[in-house]
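What follows is one structure encoded as structure tokens, with my remarks underneath.
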Amino acid sequence: MKSGTLDVRARVDVRDDSDLVVARRLVRQLGAAEKLSTAAIEALATAVTELGRNIVVHAGSGTLLFGTATDGVRRGVSVIARDAGPGIDDVARAMRDGYSSGDGLGLGLPSARRLVDEFEIASTLGAGTTVTVTKWRA
Amino acid sequence: MTAREELDQRYRAALERFLDARDEPALSAAYELGRRAVVDGLGVLDVATTHGEALRNLVWGAPAHDRARRAVDAAAFFQELLSPFEMTFRGYRQANDELRRQQVALEDVNRELEAFSYSVSHDLRAPLRSIDAFTRILARDHAAALDDAGRGHLGRVRAAAEWMARLIDDLLGLARVSRADLARGDVDLSALATSILDRLRGEAPGRDVQTRVEGGVRGRGDARLLAVVLENLLRNAWKFTAKRSAAEIAFGRELRDGEVVYFVRDNGAGFDMAYAHKLFGAFQRLHTRDEFDGTGIGLATVARVVRRHDGRVWAEAAVGRGATFYFTLDRAGRS
């Protein structure tokens, strides 16, 4: 979000795939409490899964923070994925790269972006990556 | 076990667990199965069939009072499995839009470049005509005022200007075959080849060349542009057999994997196949001008015409043992 507030409600430390299950459950509960549509909750759960996988695969461990968000007009659910991994050299390229490298299927970070309303990424080589996604209540 | 059989088995087990427990780990399993199916290259219809099979056992085989609840839960489970497909689908659509935009931009740039090279070539002609005219006057009216070295230099200037004029003509020819509208029709390639060879023979009456043109070879394309192709290929064959005592040139067609392939074959100087990739680029020459004259634009022109006919062009050769140039006229070879 360019501006707005985020109220963090829950946190999950991510080390392996089993933590993703916990994260998915949390985001569904939060989505339901914030009255997001079923499709929106599903998209958010999918995005969280990909963000979580990204942490497990590239950083080894990290944190997912869950919260409610508002930009003054809309309300929704935000998820912050944070890791202290190797970081991304060229963020713009990494966001395109689902097609030019890797599995070539458009999974991973680029796919997470397509599933949410807001997507922000900040990364520093050697210091880690932080991704913030938000899904608004329609 | 194939990817599909493995999916069948795992999906059924995961769905069964979900229908019993209705919890997040089971739902996560559906997501993972879907993701795996995407990576394994399975399609939506594959997973839909898998889902249908599992339903038959786990829903319709269940006690009547529990079927409705199971059907609703199974739908949620299936939706979860489909999420990764949805995700990649969105990605492909986005990537496709991006590619289309890039293609349009690329075509624009290409058109601009073609127009640019055409006008540059065209504009170079005027100053060149001046150089040609004034050096001619210099040679004719002022030769006596120059010493031998001066006349020698003047001769070189005139030769260079002539060479440049040829380069420009060839470049304009190349630009023209790119810009011309295609008027496709039925073309008698045998007749074209025969008349070109007759003309070449007329230009060099001293040469003894055995030519063989297969009769009745026809192709679908633009008659004027196909004449440019045959002219270039036959003229090349004519040129590169100049040092053969028993020169042979043949034009014909053959079937390769059910595709009609036209060829021009000679027993001339040939070339090293290691350089075959350079053949069709503009200004690329495999021989020095002392050996064989040429601007290096002819084959680039051939390639462009063939490409505009949705065909392919390639060559097979060996040094000292001749060369064969092949081309097709549309991708399916229905010409």
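The values are calculated or read from the model by the stated rules, or taken from the named source; none is laboratory data. Please read all numbers here as calculations on a predicted model, not as lab measurements. Note: ideal-geometry Cβ built from the backbone for every residue, glycine included; neighbour counts use all protein chains shown. In case anyone asks, the SASA skips ligands and DNA or RNA and just uses the protein heavy atoms, side chains included. Shrake-Rupley method; radii C 1.70, N 1.55, O 1.52, S 1.80 Å.
Of all residues in region B:67-109, how many are more than 11 Å from chain A (Cβ to nearest Cβ) and under 30 Å from the mean Cα position of the chain (by Cα)? Of the residues in region B:67-109, 11 are more than 11 Å from chain A (Cβ to nearest Cβ) and under 30 Å from the mean Cα position of the chain (by Cα).
Go through region B:196-216 residue by residue and tally those that are closer than 12 Å to B:Arg235 by Cα and open to solvent by 60 Å² or more (accessible area, probe 1.4 Å).
Summing the residues that are closer than 12 Å to B:Arg235 by Cα and open to solvent by 60 Å² or more (accessible area, probe 1.4 Å) in region B:196-216 gives 4.
When region B:183-195 is filtered for residues that are loosely packed, with under 13 Cβ neighbours inside 10 Å and in contact (Cβ under 8 Å) with a residue 40 or more places away in the chain, only B:Ala183 remains.
Among the conditions (1) surrounded by fewer than 20 Cβ atoms within 10 Å (Cβ to Cβ); (2) within 23 Å of B:Arg10 (Cα to Cα); (3) among the acidic types (Asp, Glu), B:Glu80 misses just one, which is (1).
Just one of B:Ala13, B:Ala21 is open to solvent by 40 Å² or more (accessible area, probe 1.4 Å), within 14 Å of another protein chain (Cβ to nearest Cβ), of a type outside the set (Asp, Glu) and under 21 Å from A:Thr49 (Cβ atoms); which is it?
On the way: B:Ala13 fails: within 14 Å of another protein chain (Cβ to nearest Cβ).
After applying the criteria, what remains is B:Ala21.
Inspect region B:92-109 for any residue being closer than 22 Å to A:Leu115 by Cα, at pLDDT 90 or above and among the aromatic types (Phe, Trp, Tyr) and give the result as yes or no. So far as region B:92-109 goes, no, none of its residues is closer than 22 Å to A:Leu115 by Cα, at pLDDT 90 or above and among the aromatic types (Phe, Trp, Tyr). For region B:110-123, indicate whether the set of residues that are open to solvent by less than 90 Å² (accessible area, probe 1.4 Å), over 21 Å from A:Glu42 (Cβ atoms) and within 14 Å of chain A (Cβ to nearest Cβ) is non-empty. No, region B:110-123 contains no residue that is open to solvent by less than 90 Å² (accessible area, probe 1.4 Å), over 21 Å from A:Glu42 (Cβ atoms) and within 14 Å of chain A (Cβ to nearest Cβ). The set of residues in region A:38-55 being more than 20 Å from A:Asp89 (Cβ to Cβ) and among the aliphatic types (A, V, I, L, M) consists of A:Ala39, A:Ala40, A:Ile41, A:Ala43, A:Leu44, A:Ala45, A:Ala47, A:Val48. Within region B:122-139, the set of residues being without any contact (Cβ under 8 Å) to a residue 24 or more places away in the chain and within 42 Å of the chain's Cα centre (by Cα) comprises B:Asp123, B:Ala126, B:Pro127, B:Arg129, B:Ser130, B:Ala133.
Of the strands (runs of 3 or more DSSP E) entirely within region A:1-98, none holds at least 3 residues that are within 14 Å of another protein chain (Cβ to nearest Cβ), more than 17 Å from B:Glu80 (Cα to Cα) and of a type in the set (S, T, N, Q).
What do you reckon, is B:Glu32 under 31 Å from the mean Cα position of the chain (by Cα), assigned to a helix (DSSP H, G or I) and facing another protein chain (nearest Cβ under 10 Å)? If you could, list the steps in order and put the result at the bottom.
On the way: under 31 Å from the mean Cα position of the chain (by Cα): no; assigned to a helix (DSSP H, G or I): yes; facing another protein chain (nearest Cβ under 10 Å): yes.
Spelling it out, it is not the case that B:Glu32 is under 31 Å from the mean Cα position of the chain (by Cα), assigned to a helix (DSSP H, G or I) and facing another protein chain (nearest Cβ under 10 Å).
What do you reckon, is B:Arg166 of a type outside the set (Asp, Glu), within 15 Å of B:Thr295 (Cβ to Cβ) and either in a helix (DSSP H, G or I) or modelled with pLDDT of 90 or more (or both)? I'd like the intermediate steps shown before the answer.
Numbers: of a type outside the set (Asp, Glu): yes; within 15 Å of B:Thr295 (Cβ to Cβ): yes; either in a helix (DSSP H, G or I) or modelled with pLDDT of 90 or more (or both): yes.
Taking the combined requirement at face value, the residue satisfies it.
Scanning region B:217-268 for residues that are among the aromatic types (Phe, Trp, Tyr) and either buried (at least 20 other Cβ atoms within 10 Å of the Cβ) or touching a Pro at 6+ places or on another chain (Cβ under 7 Å) (or both) yields B:Trp238, B:Phe240, B:Phe251, B:Tyr262.
Among residues belonging to region B:35-61 that are part of a loop (DSSP other than H, G, I, E, B) and loosely packed, with under 15 Cβ neighbours inside 10 Å, point out the one that is farthest from the other protein chains (Cβ to nearest Cβ).
Result: B:Gly61.
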